[in-house]
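Structure record follows, encoded as structure tokens.
The values are calculated or read from the model by the stated rules, or taken from the named source; none is laboratory data. Since the model is a prediction, treat every value here as computed from it, not as a measurement. Don't worry about glycine lacking a Cβ; one is built from the backbone with ideal geometry, like all the others, and counts go over all protein chains shown. Each accessible area value is taken on the protein alone, full model and side chains, heavy atoms only, with ligands, DNA and RNA left out. Shrake-Rupley method; radii C 1.70, N 1.55, O 1.52, S 1.80 Å.
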Amino acid sequence: QVQLVESGGGLVQTGGSLRLSCAASGRTFSSYAMGWFRQAPGKEREFVAAISRSGGSKSFADSVKGRFSISRDNAKNTVYLQMNSLKPEDTAVYYCAAASTVVGGHRGYEYDYWGQGTQVTVSS
């Protein structure tokens, strides 16, 4: 089992930045690719970013490319999502997820464990 706890969400103005953290406990963190997803009210959950076990491979949704970055610290069992140039359409609950694969995919079903989510609200 892997337990995931997100933090770092909040209210920010358009153009601002936030850094989300996801702390993992349980089995070896470095054995999992990690992903970030988000879900806005009335919308389906969507992929945001993923990072491989080693951190050497990363992928992003087109909507966040150039604005968001993902990183991980395997020594601290933590994955991060740095969000810059935030827009109102980035408002959502953000979830981190762990996948028993080398490289994280873009589909939710590829992930085995999920956190409880953290709210990000971007005001216009």
Out of VAL5, VAL64, VAL48, VAL79, report the one residue that is touching a strand residue (DSSP E or B) at 6+ places or on another chain (Cβ under 7 Å) and assigned to a loop (DSSP other than H, G, I, E, B).
VAL64
Considering only residues that are modelled with pLDDT of 95 or more and assigned to a loop (DSSP other than H, G, I, E, B), look in the stretch 8-33 and name the one that is nearest to GLU89 (Cα to Cα).
THR14
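Name the residue that is least open to solvent (accessible area, probe 1.4 Å), counting only residues in the stretch 88-124 that are among the acidic types (Asp, Glu) and more than 16 Å from LYS58 (Cβ to Cβ). Walk me through how you get there before you give the answer.
Within the stretch 88-124, the first condition is being among the acidic types (Asp, Glu), and the residues that meet it are 89-90, 110, 112.
Within this subset, residues satisfying the condition of being more than 16 Å from LYS58 (Cβ to Cβ) are 89-90, 112.
Working: GLU89: 123, ASP90: 1, ASP112: 82 Å².
This residue is ASP90.
Kindly indicate whether GLU6 is over 14 Å from SER100 (Cα atoms) and open to solvent by 60 Å² or more (accessible area, probe 1.4 Å). Break it down stepwise before answering.
Details: over 14 Å from SER100 (Cα atoms): yes; open to solvent by 60 Å² or more (accessible area, probe 1.4 Å): no.
Judged against the criteria, GLU6 is not a match.
Would you mind stating whether TYR80 is within 10 Å of the chain's Cα centre (by Cα), open to solvent by 10 Å² or more (accessible area, probe 1.4 Å) and within 22 Å of VAL2 (Cα to Cα)? Break it down into steps so the answer makes sense when it comes.
Working: within 10 Å of the chain's Cα centre (by Cα): yes; open to solvent by 10 Å² or more (accessible area, probe 1.4 Å): yes; within 22 Å of VAL2 (Cα to Cα): yes.
So TYR80 passes the test.
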From the list SER85, SER54, which one is in contact with a helix residue (DSSP H, G or I) (Cβ under 8 Å, 6 or more places away or on another chain), open to solvent by 10 Å² or more (accessible area, probe 1.4 Å) and either in a loop (DSSP other than H, G, I, E, B) or at positive phi (or both)?
SER54
For the stretch 1-32, which positions are free of Cβ contacts under 8 Å to residues at least 60 places away in the same chain and of a type in the set (Asp, Glu)?
none
Pair list, Cβ under 8 Å, 6 or more apart: the stretch 39-54 residue among the basic types (Lys, Arg), other residue modelled with pLDDT of 95 or more and crowded, with 18+ Cβ neighbours inside 10 Å
LYS43/ALA92; ARG45/PHE37; ARG45/ARG38; ARG45/TYR95; ARG53/TYR32; ARG53/ALA33
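Conditions tested, residue by residue: (1) acidic (Asp, Glu); (2) more than 17 Å from VAL12 (Cβ to Cβ); (3) in contact with a Ser or Thr (Cβ under 9 Å, 6 or more places away or on another chain).
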{"site": "GLY55", "(1), (2), (3)": "no, yes, yes"}
{"site": "PHE60", "(1), (2), (3)": "no, yes, yes"}
{"site": "TYR94", "(1), (2), (3)": "no, no, yes"}
{"site": "GLN116", "(1), (2), (3)": "no, yes, no"}
Can you tell me which residue is nearest to the chain's Cα centre (by Cα) among those in the stretch 11-42 that are open to solvent by 20 Å² or more (accessible area, probe 1.4 Å) and of a type in the set (D, E, K, R)?
ARG19
Take the residues of the stretch 100-124 that are among the aliphatic types (A, V, I, L, M) and at pLDDT 95 or above: which is nearest to GLN82 (Cα to Cα)?
VAL120
